[in-house]
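The values are calculated or read from the model by the stated rules, or taken from the named source; none is laboratory data. Predicted model, so just to flag it, every value in this text is computed and none were measured. Every residue, glycine among them, receives a Cβ derived from its backbone with ideal geometry; neighbour counts consider all protein chains shown. Remember, those area values only see protein heavy atoms, side chains included, never the ligands or the DNA or RNA. Shrake-Rupley method; radii C 1.70, N 1.55, O 1.52, S 1.80 Å.
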Amino acid sequence: MSFSTASSSTYPAKQHLVRTAKNLGVSSGVIFVRGGDIIVHPDSDTEYEFHQDSNFYYLSGVVEPGYAAAYDIASDTAILFVNHVSADEAVWVGVPMSLEEQQAAYGFDQAHYTKDIASIISALSPSKVFMLPHHQAPELQSLSIDQEMLIEAVHEARVFKDDYEIEVM
């Protein structure tokens, strides 16, 4: 993670989630977005070059693969879901920041591991889960999911730049 181009070390994820939620025009529900994953070349141990989903990056600030984010509109709570790195994996990829460090660095209210997505989102009892059309969340299939409204809300939010974005430009 690198924020070297902006004087603030905290990405304004919650601000971007709030702006997107306002564009949805609803007072409740959960925005849920998933970042990209690493794809391995077939019959190989090498990976394709990773590029984060641009809408996920805008809403979360996360450039690493395997993350997800949620925003509970009614309670104004931004939640980061972090990919767990085992001790064996840490040998190869390095020791990641703690949940608390990632929560602070990206500007979220809470941070949990991705294995807890279903239980955390279900506990919020959302009337609807708003997702991007190209995102999948099999762990949330028992909930009411809308994959049409969020894309326009995100695109509208991205039109107007905040101070952080202007400084980075």
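Only one entry of Ala68, Ala90, Ala104 meets the criterion of being surrounded by fewer than 16 Cβ atoms within 10 Å (Cβ to Cβ), touching a residue at least 24 places away in the same chain (Cβ under 8 Å) and either among the aliphatic types (A, V, I, L, M) or under 28 Å from Phe160 (Cβ atoms) (or both), and that entry is Ala104. Checked against the criterion of being touching a helix residue (DSSP H, G or I) at 6+ places or on another chain (Cβ under 9 Å), among the β-branched types (Val, Ile, Thr), free of Cβ contacts under 8 Å to residues at least 24 places away in the same chain and more than 18 Å from Asn55 (Cα to Cα), region 109-129 has no qualifying residue. Evaluate the following for Val82: is it buried (at least 16 other Cβ atoms within 10 Å of the Cβ) and either among the basic types (Lys, Arg) or more than 28 Å from Gly25 (Cβ to Cβ) (or both)? Spelling it out, Val82 is indeed buried (at least 16 other Cβ atoms within 10 Å of the Cβ) and either among the basic types (Lys, Arg) or more than 28 Å from Gly25 (Cβ to Cβ) (or both).
Within region 26-33, does at least one residue satisfy the condition of being at pLDDT below 90 and open to solvent by 10 Å² or more (accessible area, probe 1.4 Å)? There is no residue in region 26-33 that is at pLDDT below 90 and open to solvent by 10 Å² or more (accessible area, probe 1.4 Å). Residues of region 100-158 that are of a type in the set (Lys, Arg) and assigned to a loop (DSSP other than H, G, I, E, B): Lys128 alone. The helices (runs of 4 or more DSSP H) falling completely within region 1-93 that include 1 or more residues that are among the aliphatic types (A, V, I, L, M) and under 15 Å from the mean Cα position of the chain (by Cα) map to 13-24, 54-60. Taking (1) open to solvent by less than 60 Å² (accessible area, probe 1.4 Å); (2) closer than 16 Å to Ala153 by Cα; (3) of a type in the set (D, E, K, R) in turn, Lys22 satisfies each apart from (1). Only one of the listed residues (Glu148, Glu139, Glu165) is surrounded by fewer than 19 Cβ atoms within 10 Å (Cβ to Cβ) and in contact with a helix residue (DSSP H, G or I) (Cβ under 7 Å, 6 or more places away or on another chain). That residue is Glu139. Lys115 meets each of the listed conditions (1) over 19 Å from Gly29 (Cα atoms); (2) at pLDDT below 95; (3) of a type outside the set (Ser, Thr, Tyr) apart from (2). Taking the condition out of contact with any strand residue (DSSP E or B) (no Cβ under 9 Å at 6 or more places or on another chain) and under 19 Å from Pro65 (Cα atoms), does Ala105 pass? The answer is yes for Ala105. Consider region 66-98 and keep the residues that are of a type in the set (A, V, I, L, M, F, W, C) and in contact with a Pro (Cβ under 8 Å, 6 or more places away or on another chain). The one that is farthest from Gln136 (Cα to Cα) is Ala90.
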